[in-house]
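Just so it is clear, none of the values below were taken in a lab; they were calculated from the coordinates. These figures come from a predicted structure and were not determined experimentally. Neighbour counts are summed over all protein chains in view; Cβ atoms, including those assigned to glycine, are modelled from backbone coordinates with ideal geometry.
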């Protein structure tokens, strides 16, 4: 047997087997620690179940290094997007498309009618300076958007509130691409998915929140004007934009005028018949 396997060969085989055993144990350890694989269906289900959740009052750090509370952003609807600044393709393209749709929403609903918030969820890298640089790169630095960093324990809670799952991966992070629409009271109202999405998917929920709901701070006339704007603000798929449809307003005015005319005519007829009936009674009494 020793002739078949010299002592030096036996030593090399033993070393090889020992190293193979160590690598197997190390690989098994890595497998045990590997984060859960991203599953689109589960992430989508988790995201949808967040609708109706109230977002907590978390501490945020602005690009000016000042501390803010999430509650300071409320009072009007807001659009929330979670990104990581080391993403060099998907997140930038998503934000750039979101910026185009936000501009269309502001054109039709008003510049100050809602807020846009971007939070970096990679807490190790998404510092205030990194968020400011990201805003400058994407051309949103001077557009009235709010960009924030957040602490690790806070992003875990916030991501649960808004239904956002993310896992570390070779590309940085795997996550569902979503923009979360939150109402003025801080409740998740709608989720918008995709790197590129149709304009109405974002604008219609905002229109419902801004124009379709009575605002306690506004008077009866202002709420009535908002209702008219709600019904007359229409999407044009050819130009991919919203506009105020005067024809619908004119149709409503004409329809209301006809109803009013018929109502007045009926009242006059009833009064005329009543006068005839009274005249007939007077003649009979004579």
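Quick look at the values:
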| quantity | calculated |
| --- | --- |
| C-alpha center-to-center spacing [the stretch 117-176, the stretch 69-84] in angstrom | 12 Å |
| Ranked 78, 165, criterion: other C-beta atoms within 10 Å, fewest first | 165, 78 |
| Spin-label pair residue 272/residue 69, simplified geometry with 7 Å Cα→Cβ offset, distance in nm | 6.8 nm |
| Order of 67, 127, 180 under a 10 Å beta carbon neighbour criterion, fewest first | 67, 127, 180 |
| Alpha-carbon Rg/Rh ratio, for the stretch 155-194, with Rh computed the Kirkwood way | 1.04 |
| Ranked 157, 274, criterion: other C-beta atoms within 10 Å, fewest first | 274, 157 |
| Full-stretch length increase - residue 261, residue 42 - with 0.36 nm per residue and alpha-carbon distance subtracted | 73.1 nm |
| The stretch 104-260 - convex hull of the alpha-carbon atoms, volume per residue in Å³ | 147 Å³ |
| Volume in Å³ per residue [convex hull over Cα atoms, computed for the stretch 62-164] | 102 Å³ |
